[in-house]
1. What trypsin sites (Lys or Arg not before Pro) does segment 31-63 have in DSSP loop regions with at most 10 other beta carbons within 10 Å?
2. Taking H as built 1.01 Å from N, whose amide H comes closer than 5 Å to the amide H of residue 68, not counting residues under 5 places away?
3. Just to confirm a number: summing +1 for Lys and Arg and -1 for Asp and Glu over residues other than residue 52 whose beta-carbon lies under 14 angstrom from that of residue 52, what do you get?
4. Placing +1 on the Cβ of each Lys and Arg and -1 on the Cβ of each Asp and Glu in segment 1-87, which of 72, 35, 47 has its Cα farthest towards the positive end of the resulting dipole?
5. Near the amide H of residue 5, under 5 Å away, which other amide H atoms are found, from residues 5 or more places off or on another chain, if H is placed in the peptide plane?
6. Using the Karplus curve 6.51 cos²θ - 1.76 cosθ + 1.60 with θ = phi - 60°, what ³J(HN,Hα) values do you get for each residue of segment 49-66, in whole Hz, with x for Gly and Pro?
7. Bin all alpha-carbon pair distances of segment 1-95 at 5 Å intervals from 0 and give each bin's fraction as a whole percent.
8. Just in segment 7-50: which GluC sites (Glu not before Pro) are loop by DSSP and have at most 12 other Cβ atoms within 10 Å?
Amino acid sequence: DLGCGPCSSILMLTKFEFGKYIGLDSSEIMLKMASRVAKKEKINFEAKIADLSKNKIELEDGLADMITSFAFMPYMPNCKEIFSESARILKPGGVMCCGMNITPYKLVSSPATDLLSSVFNVHNDMVYSMDDFKVFFPTIGLNLIKGVPISYNMCLDQKSGPVSYAYSYLFFKKD
């Protein structure tokens, strides 16, 4: 789980009975919380400190059956590199599930979107358009298999005014 925080997404997945859960986070406090929760729930959990801003996930190729990342990717300025690394550590046929912001088309940077980005600490280029899925993700061997909108939000675009975007759970499968 990338950006595992206190282990909440791993708790959602316990019914799938993976052999081992690995939680990556840059916060030692979050990893300690996650380890306590995993111990209490009797989950085979390994906590790893990770500076994911360095574009490298320190895990071997083809290790993971599944990668999760909820409410984490929008805060990474290097999201595409992290997706590439995720594809590298997924086994063939593995699944990645992540929470992301999606728009009908790519947003244009404007004072309004820049302000929203600074207030919410979300990077403009982390709001993906559907075209991004058609172009980028297949180049790293991840194919979108399902998208589930969770919440709808609004921001302003310089060219077209108000634009809605959906925070969605997306499921990708590795070739």
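1. Values: sites: 32, 36, 39, 40, 42, 48, 54, 56; in loops: 42, 56.
Those that pass, being in a loop and sparsely packed, are 42.
2. 2, 97
3. On the way: positive: 48, 54, 56, 80, 88; negative: 1, 25, 51, 58, 81, 85.
Combined, the nearby Lys, Arg, Asp and Glu give -1.
4. Of the options given, the answer is 35.
5. none
6. Here the 3J(HN,Hα) series is 6, 8, 9, 6, 6, 8, 6, 9, 9, 7, 9, 6, 4, x, 7, 9, 7, 8 Hz.
7. 3, 14, 26, 26, 20, 9, 2
8. Details: sites: 17, 28, 41, 46; in loops: 17, 41.
Those satisfying the criteria are 17, 41.
Just so you know, all these numbers are worked out from the coordinates, no wet-lab data involved. It should be emphasised that the depicted structure is a prediction, and the values quoted were computed from it without experimental measurement. Cβ sites come from the backbone with ideal geometry, for glycine too, and all protein chains shown count toward neighbours.
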